[in-house]
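Peer 1: Below are the structure tokens for one structure; questions will follow.
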Amino acid sequence: MSYCSQQCPCFLGNLCDSGYCCQSFTTPLLTWLSYSESLFFTGIVFGWASLVFVLKVDGYFAGFCSNTTREEDNALYIDCISQDEHFPRVMSVASIANTIIRLPIGYVFDRCGTTATRLIAVSLFTTGTLFMSLSDAETSLLLYPALSCLITAGTILHITNAQVGNLFDSYRSTIITIYNGAYDSSAAVFLIIKLLHERGVSLQSCFLFLTSCSIIHLLRTFFLMPRGHIPYPLPETFTYGVSCPIRRRGRGEETDKKVDVKNRRADAETSALNVLNKPLYEPKQGEEASFQSCVLSWLFLWHLMWVVIILFCQFIFLSNVNSMLTRLANNDQTLVSQYTNAFAFTQLCSVLLAPMNGLIMDRHKHRPLAPGETKREADLHSSSLALFLTSLQCFLFCVCFTCPVLRLQYLTFVLQVVNSSFFYGGHQAFVSFAFPMSHFGKLTGMVMSLSALVLLLQFPILHLIQHQLQGDPLYVNVGVTLVSLLTFIHPLHVNLYCRKLAKQRKTEQEVNE
């Protein structure tokens, strides 16, 4: 409970008679609860390498192993290549299912708001954890729908939490990237399950506990999240959560009208700025850029290519990290467990690294804008450095996991975590200020859905590695590394685009003078 200067009680961010929002208590509470949810529930699937180790111990897909005679000495040994094929395939199916469903989920988010979207996420999360709880060595195929539900639910919850950054104007990108760092670091949940499993706690008990946590998600959905969206720029009369009775006096109504007029002017100005994107399909001046014009703009198309390539590099690594470590460690499971734990502990550091990208994007917000410079232009110019650093990290990460040296994989783990923390936060922050917020859900959903077409290449690539290259992914990794060089086009285009806007602004000022 908090109070305004008029001593009007405000609960969960509601309005007083003056028309202003009391959030001295609510905003920190919402921020920390959203952060906690992101840290423990949203990106747990990215700890797949830790869970695979547990699943192998419990005999998942062990029925695909067979007794084989070695040609060199005619000795019998157990061939589990078919078992090893299933684990990266589960991750590949889950990643593709997650990207395909993002466009309809983005439409629901833009159209129906936060509550409806989160209810879908909670349903999927509960279904996924229940499938994991019911699975065993005999029902290993339940891993396919279970992991698909978990990764999709986590992504949806993360999208609804990322909008909390709109409450912090000067640190908006920083807050978004902090949440993305928590999203990556939640992979440590599977590490915790692995450590508990080594101490006798069953896999089913761990996921039953996660199932019970769905109650927390439901309480947050109904009592501490907006029914619609958190807009940007944030109106002074914005309210979210549980409503309390509000009595408006004449003066308060007059204030609301003034604020409403002010917000309309701000929206009109923002809409006009979005038209400067120079899309292939040009909207009329003064109107908000349509969804079609955003999708057909070069800014969006190059960003789409940037996202697709980095996602492809990330999921190729995550799908093969366990088999790669097994091969480099000569099937020494103790050594594989050591490196798997090191990777999981490294993923914990994402929550510390992600804010660096947000600070890079927000570095311009503490200085005044240049004469005639728009807020959107300043955001875009500031983002070009963050995009370049993300592309550079992706390239170095690909170079490291291409080298078949076991000790070098420690550096690979670090670069993967740094690149992932920079990528997800930078992607969402860029879309949020480069295009109208009314299209945020649809645009991020379309990017991920189109990424699914490229991620489908994982299946023939995995088949090529296992059957044609005898499990050695060297040539595939070299090709992925060369493809990662294309990501440098996007930051270069953004930089040239900002220079073009600055040149146009300078020309207009000279004409006006």
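Peer 1: Could you check, for region 380-395, whether at least one of its residues is open to solvent by less than 50 Å² (accessible area, probe 1.4 Å) and farther than 25 Å from residue 500 by Cβ?
Peer 2: yes
Peer 1: Would you point out the residue of region 403-426, among those that are more than 20 Å from residue 46 (Cα to Cα) and not aliphatic (A, V, I, L, M), that is least open to solvent (accessible area, probe 1.4 Å)? Give the steps one after another, and end with the answer.
Peer 2: Of all residues in region 403-426, those more than 20 Å from residue 46 (Cα to Cα) come to 403-408.
Retained after the next criterion (residues that are not aliphatic (A, V, I, L, M)): 403-404, 407.
Details: 403: 50, 404: 84, 407: 185 Å².
The selected residue is 403.
Peer 1: Would a scan of region 166-183 turn up a residue that is within 19 Å of residue 90 (Cβ to Cβ) and of a type in the set (A, V, I, L, M, F, W, C)? I'd like the intermediate steps shown before the answer.
Peer 2: Restricting attention to region 166-183, the residues satisfying the condition of being within 19 Å of residue 90 (Cβ to Cβ) are none.
Checked against the condition, which is being within 19 Å of residue 90 (Cβ to Cβ) and of a type in the set (A, V, I, L, M, F, W, C), region 166-183 yields no hits at all.
Peer 1: If we keep just the residues of region 125-143 that are open to solvent by less than 40 Å² (accessible area, probe 1.4 Å) and not β-branched (Val, Ile, Thr), which is nearest to residue 41 (Cα to Cα)? Working first, answer last.
Peer 2: Residues of region 125-143 that are open to solvent by less than 40 Å² (accessible area, probe 1.4 Å), as a first pass: 125-126, 128-129, 132-133, 135, 140, 143.
Checking the rest, the ones that are also not β-branched (Val, Ile, Thr) come to 125, 128, 132-133, 135, 140, 143.
On the way: 125: 9, 128: 12, 132: 15, 133: 16, 135: 20, 140: 23, 143: 18 Å.
Looking at residues that are open to solvent by less than 40 Å² (accessible area, probe 1.4 Å) and not β-branched (Val, Ile, Thr), I get 125.
Peer 1: Here is a follow-up. Do we have residue 117 as β-branched (Val, Ile, Thr), within 25 Å of residue 354 (Cβ to Cβ), touching a His at 6+ places or on another chain (Cβ under 6 Å) and surrounded by 20 or more Cβ atoms within 10 Å (Cβ to Cβ) here? It would help to see each step written out before you state the result.
Peer 2: Working: β-branched (Val, Ile, Thr): yes; within 25 Å of residue 354 (Cβ to Cβ): yes; touching a His at 6+ places or on another chain (Cβ under 6 Å): no; surrounded by 20 or more Cβ atoms within 10 Å (Cβ to Cβ): yes.
Criteria not met by residue 117.
Peer 1: Okay, moving on. What tally of residues in region 203-241 results from selecting those that are open to solvent by 40 Å² or more (accessible area, probe 1.4 Å) and part of a helix (DSSP H, G or I)?
Peer 2: So the count comes out to 11.
Peer 1: Same structure again: Of everything in region 141-179, what is polar (S, T, N, Q), within 22 Å of residue 238 (Cα to Cα) and assigned to a helix (DSSP H, G or I)? Give them in sequence order.
Peer 2: To start, the set of residues in region 141-179 that are polar (S, T, N, Q) comprises 148, 152, 155, 160-161, 163, 166, 170, 173-174, 177.
Add one more test, that the residue is within 22 Å of residue 238 (Cα to Cα), and what stays is 160-161, 163, 166, 170, 173-174.
Answer for region 141-179, where residues must be polar (S, T, N, Q), within 22 Å of residue 238 (Cα to Cα) and assigned to a helix (DSSP H, G or I): 160, 161, 163, 166, 173, 174.
The values are calculated or read from the model by the stated rules, or taken from the named source; none is laboratory data. On a predicted model such as this, the values are computed, not experimentally measured, just so you know. Positions of Cβ are generated from backbone atoms using ideal geometry, with glycine treated the same way; all protein chains shown enter the neighbour counts. Quick note on the areas: whole protein, heavy atoms, side chains included, nothing else; ligands and nucleic acids left out. Shrake-Rupley method; radii C 1.70, N 1.55, O 1.52, S 1.80 Å.
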